Protein chains: 2
Amino acid sequence: MSDNRKATMADVARLAGVSPMTVSRALRSNTSVSEATREKIRVAADRLGYVVDVTAAAFSSGRSGFVAMTIPSISNANFADTARGLTEGLRESGLELLLGYTDYDMTEEERLVEAFLRRRPEAIVVTGGAHTDRCRGLLSGAGVPVVETWDLPRRPVDRVVGFSNADAGGCVARHLFDQGFRRIGFIGGDGTRDTRGADRQRGFVQTLETLGLPSNRQITDAAPPITMREGAMAMARLLDRWPDTQAVMCVSDLSAFGAMNAILRRGLRVPQDIAVAGFGMYDLSEHALPGITTVDAQAHQIGRETAKVILTALDDPGADAVPVSLPVRLVVRESTVSR
Amino acid sequence: MSDNRKATMADVARLAGVSPMTVSRALRSNTSVSEATREKIRVAADRLGYVVDVTAAAFSSGRSGFVAMTIPSISNANFADTARGLTEGLRESGLELLLGYTDYDMTEEERLVEAFLRRRPEAIVVTGGAHTDRCRGLLSGAGVPVVETWDLPRRPVDRVVGFSNADAGGCVARHLFDQGFRRIGFIGGDGTRDTRGADRQRGFVQTLETLGLPSNRQITDAAPPITMREGAMAMARLLDRWPDTQAVMCVSDLSAFGAMNAILRRGLRVPQDIAVAGFGMYDLSEHALPGITTVDAQAHQIGRETAKVILTALDDPGADAVPVSLPVRLVVRESTVSR
DNA sequence: CCTAGCAATGGTATCGGTAACATTTCCACT
DNA sequence: AGTGGAAATGTTACCGATACCATTGCTAGG
């Protein structure tokens, strides 16, 4: 079955009695090869247990066959959804997705992008619009389409598929105001690391101020990712410091869940004593008790749109880079509805 | 800065006044090149914005520089942890991780493995020990180390790093028994797709029977992944059918959370009316209210051990493949403690 | 002063495919 | 039967690095 040496195209060609070029064409299936020859080749390849060496193919053709993507965290369901959408959107064009995780660290992002470039990806997808200077340079000099996602950078590198994080924060602030809450807080993380979270916070705070409400109740010093534990701890501190707080927005659903349970563990009720809202449309916020008000950023759709943008850009490299801005949608649940 | 054509090693060599071979050595940093020359080359490379083409390097050296891994789902925090552990363990040896998702589908796994083989990975990691016959053939004929994880297959392909899912189920059954529960159910998924879940179920049921308890209260017909929604729906059905149930194990923490909230929404109490246990040591189960009893399968550690096994196997291909079996640990929380 | 021996560097072949172009085969139609 | 043109197949060069071996330069020790 298996020789000591891996079979090559030449071996298959010899066995099938054709030239290597014909084997190459037959196995890529889209070019003109007669059905009889194709079958002969398929049989020969099977007999030898031959599988194309994509490394060699990539090298020869100059096309690596994959798209590189950096996301902040592997275990964040939002980014996972975007990655899934992108994978689906790329599948039929034969492009694969190579994922890397930055841990919310721009230096790590730079390292990753450099590692990706060594593999000559056909496009690069990054999360957010904040990068080290050197990383920006690497991206813009890469010579392939670059897509920044999950954000609407003021000065994009190239393509953009995202949404306004500030709007997302703002619409939650307005919702809490509309529900009659006036003493409103925010729980998030270190904004220099998670700039998208910082944008949500900014939009949230600005809206509070526009509405004439105080905006000083903020706990945002932990390092991202801000998950359940950070949410719970921040909520405890917020309650200690401003016990009369009526409502809180958290930078993510995970932290909102943590915060909510911190409230409940104190014997307080949600939303009667304190209302809680999150961000990200996690399953968790739907199934939690009470259900948590959140913002749907359409993570999966971002991935699908990104795939479209990439395919378009590869098809026509000269085309203008028009930013794709997706709308966000407020999803109201029991955790913020006072009645 | 950037020419119309990407710079190559030859360009760098010309600019630095040395041979391409010396550039190759200098940039790989481990071989004998004088410090002066190395610096000259570094400067030249920087000036040209040159980054090594790993595709060409891989092709030339015959080593692709990465390990391929299939996991059932991208959004499962357990598998994400294992992937993270593996990435960390491989980092210093310069190996990268290429991830693929099977969606709990053995045919999809086969497709993925085939796609991976085209890229000539230096090792392959798969989840579980159940594969299509063709996939088994592909794996064993790959000529590189193969590691099956998250399971202890009776007839492994090659290397194994896992734990006994049956034991995990068994120890939960025994715990529930010890807590005084007697009418005990199980919520899971279609065992032909998630064989590890099925193993946990088997161990659970066997232990119940050993203890002389009835074991018919099972809701396991949904298709994996069994998440919060499936857990909630299954729990509703279980309560309708066997209203006097005292305790339930769910195949994962996510489904346990869904099940628990389905119970709470009915106005019942956990654990006073019904106890709930999960599996997987998710953050969620710690922060939920009440905290959910679970089993720590040491997902991250599985990744670290897998890295070790791979590096050992690559170092000495002749070495015996001794299965690595990690212990599981029951984590008791409020959801199963009756007092 | 000579030479063994090692460090530093260079030359050449080669990895396994694919692009581009050349050639042959085959068929339909005049 | 002859011919044009498309379909099928072959030939050659080359992608960009590294392996392998050859060569040069330098130093230490007799």
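All of the numbers you see were taken from the coordinates with simple rules; none came from a lab. Note that this is a predicted model, so its numbers are computed, not measured. FYI the Cβ positions are ideal-geometry reconstructions off the backbone, even for glycines, and counts take in every protein chain you see.
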Taking every residue in B:195-202, how many Cβ atoms of other protein chains lie within 10 Å of its Cβ, on average? 0
Antiparallel bridge percentage (DSSP; both residues within the protein assembly as shown; nearest 5): 10 percent
Helix axis angle, B:195-210 relative to chain B longest principal axis, alpha carbon, degrees: 30 degrees
If you line up the long axis of helix B:35-48 against the longest principal axis of chain B, both from Cα atoms, how many degrees apart are they, to the nearest 10? 80 degrees
Could you give the C-alpha radius of gyration of region B:198-339 expressed as a fraction of 2.2 N^0.38 Å, taking N as the number of residues it contains? 1.24
Crossing angle, helix B:253-265 versus chain B [Cα axis fit, 0-90 degrees, rounded to tens]: 40 degrees
Could you give the C-alpha radius of gyration of region B:1-98 expressed as a fraction of 2.2 N^0.38 Å, taking N as the number of residues it contains? 1.40
What Rg and what Dmax come out for the protein assembly as shown when only alpha-carbon atoms are used, in angstroms? 27.3, 84
When the helices in chain A are scored as -39500 (n - 2.57) per DSSP H run of 4 or longer and the sum is shared across all residues, what 222 nm value do you end up with, to the nearest 500 deg cm²/dmol? -14000 deg cm²/dmol
Suppose we look only past 38 Å in the calculated P(r) of chain B. What percent of the Cα-Cα pairs does that tail hold? 32 percent
Counting Lys and Arg as +1 and Asp and Glu as -1, each charge on the Cβ, what is the dipole of region B:238-339 about the Cα centre in debye, to the nearest 20? 480 debye
When you count, for each residue, the other Cβ atoms within 10 Å and take the mean per peptide, how do A:261-269, A:171-179 rank with the highest first? A:171-179, A:261-269
Semi-axis lengths (Å, descending) of the ellipsoid that matches the C-alpha gyration tensor of region B:54-135: 22, 17, 9
Roughly how big is chain A's charge dipole about its Cα centre, with Cβ charges of +1 (Lys, Arg) and -1 (Asp, Glu), in debye to the nearest 20? 280 debye
Inside 10 Å of the C-beta atoms of B:46-58, what's the mean count of C-beta atoms belonging to other chains? 5
Chymotrypsin sites (Phe, Trp or Tyr not before Pro) within region B:1-99, DSSP loop, no more than 15 other Cβ atoms inside 10 Å: none
One decimal, nm, shortest first: give the distances between the label point of residue A:237 and those of the same position in the other copies, each label point 7 Å from Cα along Cα→Cβ. 4.6
Loop only by DSSP, 11 or fewer other Cβ within 10 Å of the Cβ. Give me the GluC sites (Glu not before Pro) in region B:81-117 that pass, ordered by residue number. B:92
Which whole number gives the average count of other chain Cβ atoms within 10 Å of the Cβ atoms across peptide A:285-297? 3
Mind checking which of A:239, A:80, B:262 is farthest towards the positive end of the protein assembly as shown's charge dipole, using Cβ charges of +1 (Lys, Arg) and -1 (Asp, Glu) about the Cα centre? A:80
For an R0 of 35 angstrom, estimate the FRET efficiency from the Cβ-Cβ distance between residue A:10 and residue B:314 and round to the nearest 0.05. 0.80
Could you list, bin by bin from short to long, the percent of Cα-Cα pairs of region A:262-339 in 5 Å steps? 3, 14, 18, 15, 11, 9, 8, 7, 6, 4, 3, 1, 0
Taking the label point 7 Å from Cα in the Cβ direction, how far apart in nm is residue A:43 from each other copy of itself, listed shortest first? 6.4
Base-10 log of normalised Debye intensity for region A:209-272 (one unit scatterer per alpha-carbon) at q = 0.14, 0.23, 0.28 Å⁻¹: -0.38, -0.98, -1.29
Treating only the Cβ atoms of Lys and Arg (+1) and Asp and Glu (-1) as charged, compute the dipole magnitude of the protein assembly as shown about its Cα centre; round to the nearest 20 debye. 140 debye
